[in-house]
Structure formats: C-alpha cells, structure tokens
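No lab work stands behind these numbers, since they all come straight from the coordinates. As the structure is a computational prediction, the values presented were derived from the model and not from experiment. Note that we place each Cβ from the backbone using ideal geometry, even for glycine, and neighbour counts take in every protein chain shown.
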Amino acid sequence: MDLSEGLAGWTDWDGAAFVVGRSMGIFNETETFTQVKWMFWTNNPLGNALHEVLVQVTAAGVLERRDEPDDIQFRWLAR
C-alpha cells in the first residue's frame, strides 16, 4: 500500500500507524486492522515505533496532524 494513498484522508492515529506498517511490509494485505489493533492499543516496541514514525514524518512536513474532532488524526500533506 502506498502511504500517500492510504492516508489521503484524515485517519485516526491507530489506523494511520497500521497504514504505515502495511506500507513498510510489516502487515501483509490479508491482515486486517482488527487482527492487529492490540499492537496499537498496548505499550509495545512495534506499536510505539509505528506511532513515532507518524510523529517524525509529520515533523518533517510530509503528513498533517489534527487533534479534533474526536482523536488524533493524520493525513498526507498535499503539495
């Protein structure tokens, strides 16, 4: 999955981390978010690292972040 396509619209942080993981080949195309969501909702090295990727890519100006209306969300920054 291409990251720019997967994050074309506002996506909650956990779903965005899943898209990052899928784009890196960590999760294959047959795995669904619900099968691995525990990874994002618990304190573990992989889930934490994927969230940190979102934070760092946002700081680099590749993604946008918003904290409303419901939760932290990310999307690809159109250039």
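Data table
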{"read-out": "Spacing of the two label points (7 Å from each Cα toward its C-beta) at residue 42 and residue 59, in nm", "value": "2.8 nm"}
{"read-out": "Where GluC sites (Glu not before Pro) fall in DSSP loop in the range 1-57, at most 15 other Cβ within 10 Å", "value": "29, 31"}
{"read-out": "Over the chain: helical MRE at 222 nm, DSSP H runs n ≥ 4 each giving -39500 (n - 2.57), nearest 500", "value": "-12500 deg cm²/dmol"}
{"read-out": "Shape metrics for the range 40-79, restricted to C-alpha atoms - Rg then Dmax, Å", "value": "11.1, 34"}
{"read-out": "Per residue, the convex hull volume that the Cα atoms of the chain enclose (Å³)", "value": "90 Å³"}
{"read-out": "Dipole of the chain [Lys/Arg +1, Asp/Glu -1 at C-beta], most positive-end residue of 55, 13, 32", "value": "55"}
